[in-house]
Amino acid sequence: LLAGCATTPAPPGTQVAAARLQQGVVPGTTTRAQLLAAFGPTRSVVFDSGFEAWVYQSPAGNGRFSEFVVLINPDGIVAKTRTRAP
């Protein structure tokens with residue numbers, strides 16, 4: 001059952017090369033609109049506080065993906081990023 005989940009393709013717009021994400025997303029500068037324009041829509045969670053967490057995937061080989069998590073503040077500016085290895 002878990003193996004089936006691991007091989008399910010991600011929704012369109014969520015798979016982006018890791019280097020492109022790291023170079024194109026700058027905390028304190030990049031906006032929500034710039035993320036959408038550069039990388040497309042992706043999975044997201046909106047918190048009651050107004051913060052949002054967006055998750056992009058980067059191919060890591062052997063059908064695995066690393067995750068690039070972007071925290072967006074209530075003003076629509078990237079506050080933090082984090083990469084999670086597969």
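Yes/no per residue for (1) in contact with a strand residue (DSSP E or B) (Cβ under 6 Å, 6 or more places away or on another chain); (2) open to solvent by less than 70 Å² (accessible area, probe 1.4 Å); (3) part of a loop (DSSP other than H, G, I, E, B); (4) at pLDDT 95 or above:
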site: A19; (1), (2), (3), (4): no, yes, no, no
site: Q22; (1), (2), (3), (4): no, no, no, no
site: A38; (1), (2), (3), (4): no, yes, no, no
site: V45; (1), (2), (3), (4): yes, no, no, no
site: Q57; (1), (2), (3), (4): yes, yes, no, no
site: V69; (1), (2), (3), (4): yes, yes, no, no
site: P74; (1), (2), (3), (4): no, no, yes, yes
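Number of residues in segment 76-86 that are within 25 Å of A33 (Cα to Cα) and either in contact (Cβ under 8 Å) with a residue 24 or more places away in the chain or assigned to a loop (DSSP other than H, G, I, E, B) (or both) equals 7.
Only one of the numbered conditions (1) in contact (Cβ under 8 Å) with a residue 40 or more places away in the chain; (2) surrounded by 13 or more Cβ atoms within 10 Å (Cβ to Cβ) is not met by T29, and that is (2). Taken over segment 8-17, the criterion of being open to solvent by 80 Å² or more (accessible area, probe 1.4 Å), in a loop (DSSP other than H, G, I, E, B) and at pLDDT 50 or above is satisfied by T8, P9. Here C5 clears all of (1) under 12 Å from the mean Cα position of the chain (by Cα); (2) modelled with pLDDT under 85; (3) part of a helix (DSSP H, G or I) except the condition numbered (1).
The values are calculated or read from the model by the stated rules, or taken from the named source; none is laboratory data. Bear in mind the structure is a predicted one, so any value in this text is a computation, not a measurement. Reconstructed Cβ throughout: ideal geometry from the backbone, glycine too, with neighbour counts over all protein chains shown. Calculation scope for accessible area: heavy atoms of the full protein, side chains included, ligands and nucleic acids excluded. Shrake-Rupley method; radii C 1.70, N 1.55, O 1.52, S 1.80 Å.
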